[in-house]
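This report concerns only the one structure given below.
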Amino acid sequence: MSESMNNQRRSILHVDLDAFFVSAELLTRPELIGEQVIVGYPKGRSVVLSASYETRKLGVRSAMPMSQAIRLAPKATIISPSHSLYSSLSKQVMEIFRSFTPQVQQLSVDEAFLDVTGASRMFGSAEEIAQAIKTRLKEELGLPATVGGASTKFVAKIASTSAKPDGLRIIPHGETLDFLHPLPIRALWGIGPVAGKSLHEFGIQTVGDIANTDLKVLQRVLGEASGNRAWELAHGIDTSFVDTEVIDHSIGHERTYEIDTDNFEQLQKEILDLSRKIGQRLRKIGHLAGTVSIKVKFYDFKVVTRSHTLEIPTDSDTEIYKTAGELLKELSASAIWRKVRLIGVRAEQLTLPGELAVQLDLWDAPKQVHKDVDTVTDKIRDKFGNTAIVPARLSTAREPEQEG
Ligand SMILES: [Mg+2]
């Protein structure tokens, strides 16, 4: 999707199935409808994968240690997950979404953003499309879902969260600020506990308070890029778009060489270039990568991949490059290393900052430095084109890289 579409007012839906794994299990166990149900492995150090709303009332949450969940809901029925069932249902769910618009960005097995701006002539208003999607999911698959709608991804996501379960909430563009401003600051993407605390010290409690705070104050408290971002979101500004190329929660770039190479420095430069592209794209769509991987195809067409899961998910070029470069170094030192035909970098396990805000403070100081630099760089690139800023180490001419 082209970025020029950002200039038009968009109509975005965020669709999220309710307690998806539990709902999927109940299809074959109707006797458990309305009961306390937890999907997860009952043993060891496993965590809750999905909890019915009846157990959520008792405080059970996804990702909670199973032992704790059982203490809170001792009468709950525990079902081991059937991942093949979920993935086959997930495919059908995404097919239903794509029957309304090709502009679907899948966020997880049961969640996606849909840009339905162009679908209204055929399917009606955003609200009518949202209702039609809910009806089809219920009638064809037996799965309940909640849909939020707005003119931006960010507000659509908050709208659906506020309408769960089995809800539908559309925020008309003109009501965006009325909807956002009473919300606590933690509703903003990227505001974690530490950033939240610093803002509270300034008496800033709600999104509306952020909107009414001098931008300079926000920049001082949160750092320049994060301060800008918070201010923009508080004013309903979110230019991230529905990226249909995010498949399996990952994005990647790769490059094939005309002549096989084992020049380590050349490959390292390539990794730097690819990492920069991925970082730029992550920031455009407003996501963080949990895992970084590299792919190398040797001259004999043997393909190897190496991946590393980050302690703190990132959208920073530097962090991605550091990880990918380290993976390349390790691989090049191994016995399987040969001349390279293709090299690629991939960002995997993409998440929205808001999903992590509860556990992590993404605005922690040292990590933030790179982010500020990257964001400023993106702004210059957007203004003057991609060649305006190139890391000093990248100077050789190159062939166009492929997108994975
Ligand atoms: Mg869900």
Within the range 69-86, identify whether any single residue is among the basic types (Lys, Arg), in contact (Cβ under 8 Å) with a residue 24 or more places away in the chain and within 30 Å of Phe241 (Cα to Cα), and answer yes or no. no
Scan the range 7-38 for residues that are within 12 Å of the ligand (Cβ to nearest atom), touching a helix residue (DSSP H, G or I) at 6+ places or on another chain (Cβ under 7 Å) and either among the aliphatic types (A, V, I, L, M) or part of a strand (DSSP E or B) (or both) and jot them down. His14, Val15, Asp16, Leu17, Ala19, Ala24
Hey, can you tell me all the residues within the range 64-103 that are over 19 Å from the mean Cα position of the chain (by Cα), surrounded by 16 or more Cβ atoms within 10 Å (Cβ to Cβ) and within 16 Å of the ligand (Cβ to nearest atom)? Met64, Pro81, Tyr86, Leu89, Ile96
If you go through the range 44-64 one residue at a time, how many are at pLDDT below 90 and touching a Lys or Arg at 6+ places or on another chain (Cβ under 7 Å)? 0
Would you mention how many residues in the range 277-322 are part of a strand (DSSP E or B) and surrounded by fewer than 22 Cβ atoms within 10 Å (Cβ to Cβ)? 16
Tell me yes or no: at least one residue of the range 230-244 is loosely packed, with under 15 Cβ neighbours inside 10 Å, in contact with a Phe, Trp or Tyr (Cβ under 9 Å, 6 or more places away or on another chain) and under 30 Å from Ile278 (Cβ atoms). yes
Output for the range 104-150, where each listed residue is within 26 Å of Ser52 (Cβ to Cβ), more than 13 Å from the ligand (Cβ to nearest atom) and of a type in the set (Val, Ile, Thr): Ile133, Thr135
Can you find a residue that is in contact with a Leu (Cβ under 8 Å, 6 or more places away or on another chain), part of a helix (DSSP H, G or I) and modelled with pLDDT under 95 anywhere in the range 117-130? no
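The values are calculated or read from the model by the stated rules, or taken from the named source; none is laboratory data. All figures in this text were calculated on a predicted structure; none of them were measured in a lab. We place every Cβ from the backbone using ideal geometry, glycine too, and count neighbours over all the protein chains shown.
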